[in-house]
Structures are given as structure tokens and as C-alpha cells.
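Structure record follows, encoded as C-alpha cells.
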Amino acid sequence: MPKTGVFFSPAVKGKDWPVIGDKFRNFPEVMADVLKNPNVALYSPKPVDEKLLFKVHTANVVMDLKSAWYYEGAVYSVGGCVEALERICRGEIVNAIVFNVAAGHHAGPSYAWGGTYVSCAGPMIVDAREKFGVERFAIIDTDSHHGDGDRAMFKGDPNVLHVCFCSRNASENSGTKIDVDVGWSTTDSDYLKLVEREFKPRVLDFKPYAIIHFFGHDTCEGDYGSRGLTPNFYLDLARLVKSIAEECCGGRYIIITGGGARRDVAEYIFPNIIRILAE
Ligand SMILES: [Zn+2]
Ligand SMILES: [Zn+2]
């Protein structure tokens, strides 16, 4: 049985996606070596069922998406997110990475912006609750920007812990919605210490079914959301959150690619992260 699912649709490459560009243009080729690992399985997801989108978004968000040129990339990305969690719920894999364009953390129930025009976490959590009866999820957001859409999506939901590493300190919703200011000029080790200090104890206490990680690399030096981090930071981060997932939820952990336009960083970190997930 494979341990790690890699969800990659050919629909996420070959277009100049909003904000991130065509950063997956050399995928899945650059993952060829790691995809030979018997612990790794490559899945080509289907587009998300539109009914799920209407369950989490107002009609105007879905209709705007349907008329946009990035529609196909977005719905295959969200389809990968939903399928990844379903396969984890069925015990077919333990952890996953989903290659994502045009969808993610700036998509709330009634709006979507900033390069992410439909929610990833909303459809996957609604689907898993309905089909598998699993309720509690932790979302960690280490993209450079505040995850306003995910925050709005789960506002008032006591069964979603949302810990967002961004530019402010806040605690809302009885401590289930947390923001951590990481500063604009930080270091790899300072950032990792913040994850240890601000995410780990909360998620161990929360006991989610799985951890969902909105994994931007726009925080890398030279990228549009730089906080001065190096490419190797992302490998350490994946290793750390994976170990936390092993401690609190049987290793059930899904990485969704987020912001970041540096193609060289994407090509370096994601094959290595798959190797880490599969260890
Ligand atoms: Zn970002
Ligand atoms: Zn935030």
C-alpha cells in the first residue's frame, strides 16, 4: 500500500496562472525519481463536483469562477484536494500533496480574490464530514499572506482549528482561530520555532482527524511575499508538521500548494517534500 498520494492534474500546467504563473510547467517530469518510490502513488484527479462548491460558496462566486479562463485549473485542483482527503479517510494513503492553482485561502463563502478563486478547505471538509462522519480538522497556513477566505469559511465552527502565520497576532472564536505574526524579515529557525510554539501545542490539544496545510512558498527570499526564508526551510517545515501529525492524528496530513512564483523553488522543494512524506 502506498503511503503518500501525489495529486497532480495536467490541467494545472501550461497557463500563466494569476499571481503564481506557470510554476508547474516542468511537473510531473521533475518528480520522476520520487514517483518511482513504492511508498508514493500518483493520482490524476477529476474536477470537483459542482454541488460541493454550491455548499460552501454563494452562487455568484461559483458563476464568476465558471466564466473565468482559470476555471479548469481551479476545479481540477479542488477535485484533487477532495479526493486526497477521501483516500485518507478510506485508509488508502496516510498523507498527500495536492498541486493547486487558482484555488485556496483567499476564497471565503461569498468572495474570492488574490489568485485563489474557489476554496480548497471548504469543499474537502464538507465532503469528508458528509461521507465519512469525521468532524474535526486543523488547518495550518504558512503562505505569506493572511488566510482571510479560510478564516471566513470556518468562522464560528468550533471543529476547525485555523492557525495562520501572517502579519498579525490574534486569537478568535474561543482560541480556535489564531494568527501569528512572523515578521517581514525572519529566519528559517525563528519561523520553525514559531510553528513549534504556536501550532504544535494547540493542535495536540485539539486532536483533529487530519491536518490540512496551505503551503505557500511566496515567503522565500526573492519571491513576491518574501520573509527572507531559504528553500531548505520548506523541507524542514514539512518534516516538522508531518511529525506533529504523527503525534496527534495518525500521520494524516495533506499539503496543498499555495502562493509562490519562483519556479526554481517549486521544482526543488516539492519532489523533496514528497520524499519526506513517504519516509
Ligand atoms: Zn500568499
Ligand atoms: Zn492570518
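Any chance the stretch 197-208 includes a residue that's modelled with pLDDT under 95 and at negative phi?
Checking the stretch 197-208: not a single residue is modelled with pLDDT under 95 and at negative phi.
For the stretch 193-202, which residues satisfy the criterion of being closer than 13 Å to ASP141 by Cα and either surrounded by fewer than 17 Cβ atoms within 10 Å (Cβ to Cβ) or not charged (D, E, K, R) (or both)?
Passing the criteria: LEU194, VAL195, PHE199.
Please enumerate the residues belonging to the stretch 173-208 that are without any contact (Cβ under 8 Å) to a residue 12 or more places away in the chain and either among the polar types (S, T, N, Q) or out of contact with any Gly (no Cβ under 9 Å at 6 or more places or on another chain) (or both).
If the condition is that a residue be without any contact (Cβ under 8 Å) to a residue 12 or more places away in the chain and either among the polar types (S, T, N, Q) or out of contact with any Gly (no Cβ under 9 Å at 6 or more places or on another chain) (or both), then SER189, LYS193, ARG197, PRO201, ASP205 are the ones that fit.
Taking the condition of being away from ligand 1 (no atom under 16 Å from the Cβ) and either under 13 Å from the mean Cα position of the chain (by Cα) or β-branched (Val, Ile, Thr) (or both), how many residues in the stretch 142-162 meet it?
1
Within the set of pairs 6 or more residues apart or between chains, which connect a residue that is closer than 23 Å to GLY228 by Cα inside the stretch 138-154 to a residue that is among the polar types (S, T, N, Q) and within 9 Å of ligand 1 (Cβ to nearest atom) with Cβ atoms less than 7 Å apart?
SER144/THR219
Away from ligand 2 (no atom under 16 Å from the Cβ) and assigned to a helix (DSSP H, G or I): which single residue out of LEU204, LEU194 fits that description?
LEU204
If I filter the stretch 208-215 for residues that are open to solvent by 40 Å² or more (accessible area, probe 1.4 Å), among the small types (Gly, Ala, Ser) and more than 16 Å from ligand 1 (Cβ to nearest atom), do I get at least one hit?
No, the stretch 208-215 contains no residue that is open to solvent by 40 Å² or more (accessible area, probe 1.4 Å), among the small types (Gly, Ala, Ser) and more than 16 Å from ligand 1 (Cβ to nearest atom).
Give the stretch 132-166 a look and list any residue that's open to solvent by 60 Å² or more (accessible area, probe 1.4 Å) and either touching a Cys at 6+ places or on another chain (Cβ under 7 Å) or within 15 Å of ligand 2 (Cβ to nearest atom) (or both), or say none.
PHE132, HIS145, LYS155
Only one of these is more than 16 Å from ligand 2 (Cβ to nearest atom), more than 18 Å from the chain's Cα centre (by Cα), over 30 Å from VAL134 (Cα atoms) and among the small types (Gly, Ala, Ser): ALA68, ALA59. Name it.
Only one candidate passes the filter, namely ALA68.
Per-residue answers, yes or no, for (1) outside any helix (DSSP H, G or I); (2) among the small types (Gly, Ala, Ser); (3) in contact (Cβ under 8 Å) with a residue 40 or more places away in the chain; (4) open to solvent by 10 Å² or more (accessible area, probe 1.4 Å):
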site	(1), (2), (3), (4)
ASP223	yes, no, yes, yes
ASP236	no, no, yes, yes
ILE256	yes, no, yes, no
ALA261	yes, yes, yes, yes
ALA266	no, yes, yes, no
LEU277	no, no, yes, no
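Answer with yes or no whether GLY250 is part of a loop (DSSP other than H, G, I, E, B) and away from ligand 1 (no atom under 16 Å from the Cβ).
In short, yes.
Grab the helices (runs of 4 or more DSSP H) fully contained in the stretch 7-125, keeping just those with 2 or more residues being open to solvent by less than 10 Å² (accessible area, probe 1.4 Å) and touching a residue at least 12 places away in the same chain (Cβ under 8 Å).
59-66, 71-89
The values are calculated or read from the model by the stated rules, or taken from the named source; none is laboratory data. Predicted, not measured: the structure shown is a model, and the values here were computed from it. All Cβ positions, glycine included, derive from the backbone under ideal geometry; neighbour counts span all protein chains shown. SASA here: full protein model, heavy atoms, side chains in, ligands and nucleic acids out. Shrake-Rupley method; radii C 1.70, N 1.55, O 1.52, S 1.80 Å.
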